[in-house]
């Protein structure tokens, strides 16, 4: 059986959900929604730091329940779960399951990248399963995951292969939104162009088009440098763009026009803290504020795309 | 209280252990040592795939018991644990604790890299702790960890800061040992030099020297391209080098001379499959073959350094 094409799956999900919004989940145990932090009834036998993992899972579930209806996917930031150890990874597994129950795609943001043999292990962790003498151990079975391209083509391939086997897709870092991204990604090459343009060309070359017209390899394209977006679209005409930096990181959703050239699913708009912390500026209950902000972003992006 | 300097801690550990060998732990559940795979007595209530995590932990503990005496550190490959989910992360935590009980440094190989706010979360996961309303949750409290520099200086800083607060150190990817590493890291820059040389200069600039003469920021420097080592040492005169690719990946430990210029701790020699699978060529019990191969590498490197 051939897995579905990731670009086609993404286009279908965006159309079905009428949303290009990706709900970033970056839980900070010190800033959970009050209800999630207070409700420790589910784990009566645990105490102390062991309460943090379940509380993070409750927070993420509440955020998905509130903002998820306006979104097409969640994007858990793996670092925020890993810092709670095995309990954090368990919270991640529960969060992924909750998103799937709510018809949301799961885009794992771990920015992994390693030599090929290790890349295959990451592929098993993110999108596949690991054969063992006791049966296959499922990984997180994500729909998509971010990947760091620094180690080159042979290092990207296992992430691509794992995606194709599962109908999932890697989103390769082309240009991130932090100021320091200029240090290396914007370096000019002797052969002409910038390093990020070389990566963009590689992403376009490695991707395969589906019936939707979208590639099955995406790109992380920083929305805080909108002047780059037109050039990115020129180099990667069919690539789904993951646009971080909207909201708390200062991006402006109205400047994202070129992202949507290949269709609405050509531009996924990430928002994390601007949704989870909307009540801090808008007032009201966290869930209500998050729902309203996610819906506001959804409508804004949908009109653009 | 000021934490000890990582370079000094590393130099002391190498002198105390009389070893520069780093034991790579890349456990594949399908290729565990027979004793670790068979001994399921510790988990009588679990069955099926849930047996994989504990078996991996037993395998790693046995490998540490056998080869650890000839080594200065372990290097768990995070992907190989993550693919078993929360049970895999628990096996990682147990492996880290077992190494520490055996006076081995812990160098986590996850090649993380992200925007600064997320880098701080990774710092908590790898070397620190996470404040929560229920008390601090300890991360893995590693002595060192590999870091991907693609996102630039501000993305490296949280990994450096987390290290300095804990006496730990990042090892920044400068040039990896896979063939595809040439695709981006070897690109020539318009300003002159290769991309990896630009990263090397950044690593040298950001590091601080300790009393040992070593920097507190290390570099991952692929040993399959020994002709680069002299140039790497020129650009990073005081940087501890992590030399992967020895053994299974084809490197030759005798070509590593320049690595040891700043002292024996200037070059850490990683070996994974060549130790864990030594019995496949040498015959005998896995533990005996692993012990002999680790000791052989230790003596070889110690004579060079």
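Could you say whether any residue in region B:39-48 is within 13 Å of chain A (Cβ to nearest Cβ) and either under 26 Å from residue A:115 (Cα atoms) or touching a strand residue (DSSP E or B) at 6+ places or on another chain (Cβ under 8 Å) (or both)? Checked against the condition, which is being within 13 Å of chain A (Cβ to nearest Cβ) and either under 26 Å from residue A:115 (Cα atoms) or touching a strand residue (DSSP E or B) at 6+ places or on another chain (Cβ under 8 Å) (or both), region B:39-48 yields no hits at all.
What about residue B:60, is it in a helix (DSSP H, G or I), buried (at least 24 other Cβ atoms within 10 Å of the Cβ) and more than 9 Å from every other protein chain (Cβ to nearest Cβ)?
yes
Does region B:167-182 contain at least one residue that is more than 17 Å from the chain's Cα centre (by Cα), in a loop (DSSP other than H, G, I, E, B), at the interface with another protein chain (Cβ under 8 Å from one of its Cβ atoms) and closer than 30 Å to residue A:30 by Cα? No: zero hits.
Quick one: is residue B:51 within 14 Å of chain A (Cβ to nearest Cβ), crowded, with 24+ Cβ neighbours inside 10 Å and part of a helix (DSSP H, G or I)?
Spelling it out, it is not the case that residue B:51 is within 14 Å of chain A (Cβ to nearest Cβ), crowded, with 24+ Cβ neighbours inside 10 Å and part of a helix (DSSP H, G or I).
Taken together, A:205, A:157 contain a single residue that is more than 11 Å from chain B (Cβ to nearest Cβ) and either assigned to a loop (DSSP other than H, G, I, E, B) or under 30 Å from residue A:141 (Cβ atoms) (or both), which is A:205. Across region A:66-102, the number of residues qualifying as out of contact with any helix residue (DSSP H, G or I) (no Cβ under 7 Å at 6 or more places or on another chain), surrounded by fewer than 24 Cβ atoms within 10 Å (Cβ to Cβ) and over 19 Å from residue B:86 (Cα atoms) comes to 2. Residue count for region A:110-124 satisfying the condition of being at the interface with chain B (Cβ under 7 Å from one of its Cβ atoms) and either under 16 Å from the mean Cα position of the chain (by Cα) or not in a loop (DSSP other than H, G, I, E, B) (or both): 7. Applying the set (1) outside any helix (DSSP H, G or I); (2) touching a residue at least 24 places away in the same chain (Cβ under 8 Å) to residue A:10 leaves exactly one unmet item: (1). With the requirement that a residue be under 19 Å from residue B:244 (Cβ atoms) and either more than 7 Å from chain A (Cβ to nearest Cβ) or out of contact with any strand residue (DSSP E or B) (no Cβ under 9 Å at 6 or more places or on another chain) (or both), what does region B:77-91 give you? Correct list: B:78, B:81. Of all residues in region A:251-289, those being under 18 Å from the mean Cα position of the chain (by Cα) and not in a loop (DSSP other than H, G, I, E, B) number 16. Mind checking whether some residue in region A:219-227 is more than 7 Å from chain B (Cβ to nearest Cβ) and modelled with pLDDT of 95 or more? Yes, region A:219-227 contains at least one residue that is more than 7 Å from chain B (Cβ to nearest Cβ) and modelled with pLDDT of 95 or more.
For residue A:200, the criteria (1) on the phi > 0 side of the Ramachandran plot; (2) in a helix (DSSP H, G or I) hold in every case but one, which is (1).
Among the residues making up region B:190-202, those that are crowded, with 17+ Cβ neighbours inside 10 Å and either free of Cβ contacts under 8 Å to residues at least 12 places away in the same chain or out of contact with any helix residue (DSSP H, G or I) (no Cβ under 8 Å at 6 or more places or on another chain) (or both) are B:194, B:195, B:198.
Could you go through region B:94-109 and let me know if any residue there is at the interface with chain A (Cβ under 8 Å from one of its Cβ atoms), part of a helix (DSSP H, G or I) and under 22 Å from residue A:91 (Cα atoms). No, the conditions are met nowhere in region B:94-109. Beta carbons closer than 6 Å, at least 6 apart along the sequence or on distinct chains, pair a first residue in region B:265-277 that is closer than 20 Å to residue B:169 by Cα with a second that is assigned to a helix (DSSP H, G or I) and at pLDDT 95 or above for B:265/B:10; B:265/B:11; B:265/B:14.
The values are calculated or read from the model by the stated rules, or taken from the named source; none is laboratory data. The structure presented is a predicted model; accordingly, all values stated were derived computationally and were not measured. Cβ coordinates were reconstructed from backbone atoms using ideal geometry, including for glycine residues, and neighbour counts include every protein chain displayed.
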